[in-house]
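The values are calculated or read from the model by the stated rules, or taken from the named source; none is laboratory data. What you see is a predicted model, and the numbers here were worked out from it, not measured in a lab. Note: ideal-geometry Cβ built from the backbone for every residue, glycine included; neighbour counts use all protein chains shown. Only protein heavy atoms, including side chains, enter the accessible area calculation; ligands, DNA and RNA are left aside. Shrake-Rupley method; radii C 1.70, N 1.55, O 1.52, S 1.80 Å.
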Amino acid sequence: MNVANLIRSGLGTTHGTAPTPDPTLLKSAMRSVSGAVSVITAGAGSERTGATVTSATALSVDPPTMIVNINRSSSTYPVIRRYGHFCVNILASQHQDVANRFAGIGGVKGEARYEGAPWTTRLSGAPVLVGALAAIDCELEEIIERHSHGIVIGRVVQITLGDGQSLVYNNGRYGGFEPLTD
């Protein structure tokens, strides 16, 4: 396949011998993957901020460690670095409004994202959503910078479990989980 055919098939420039796909194709492909919605929170007082993500996952259970990918241009990234903490607030199905605020829908930024929901703190000092399906409080262990994002690794210091069903995101829409019948 020559370069002109690669570009027509959605592949762009080449690095070495491997072509680089069009970034919009990767974004479209990843939107088709259903993911649990979490809000990553960090900071204190007027410096509280956060972001809605579907990229939070356990890196290890022994020792308990979380990983999340945060865009380096987001307001959340430097706050995590400065405060050395973050909380993975796994949202329940009734938290769609929280997800939208932390996604910046309607232009909501910074501390204003915390309005309309009850918050507390745990051991690390990061904000924790009261009533979250789960809140995983972390101290920053390491950030690995790659391309546009930081791979944020946190040592889990406390876990709070709630009740309910997980809020799920797929193809630009929120939903819930429905088990398959036997």
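One table, with the values for the structure above:
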item	result
Residue count for segment 49-76, restricted to those that are more than 12 Å from S38 (Cβ to Cβ), open to solvent by 60 Å² or more (accessible area, probe 1.4 Å) and outside any strand (DSSP E or B)	5
Set T41, T76, T20: member being touching a residue at least 40 places away in the same chain (Cβ under 8 Å) and touching a Gly at 6+ places or on another chain (Cβ under 8 Å)	T41
Tally of residues being closer than 18 Å to V61 by Cβ and open to solvent by 70 Å² or more (accessible area, probe 1.4 Å) across segment 151-170	3
Near pairs, Cβ below 7 angstrom, 6+ apart or cross-chain, from segment 23-37 (at negative phi) to any residue that is of a type in the set (A, V, I, L, M, F, W, C) and at pLDDT 85 or above	S34/V168; G35/V168; A36/I90; A36/V168; V37/L91; V37/A99; V37/L167; V37/V168
Residue match in segment 24-43 (condition: in a helix (DSSP H, G or I) and at pLDDT below 50)	no
Some residue of segment 119-137 being in a strand (DSSP E or B), modelled with pLDDT of 95 or more and polar (S, T, N, Q)	yes
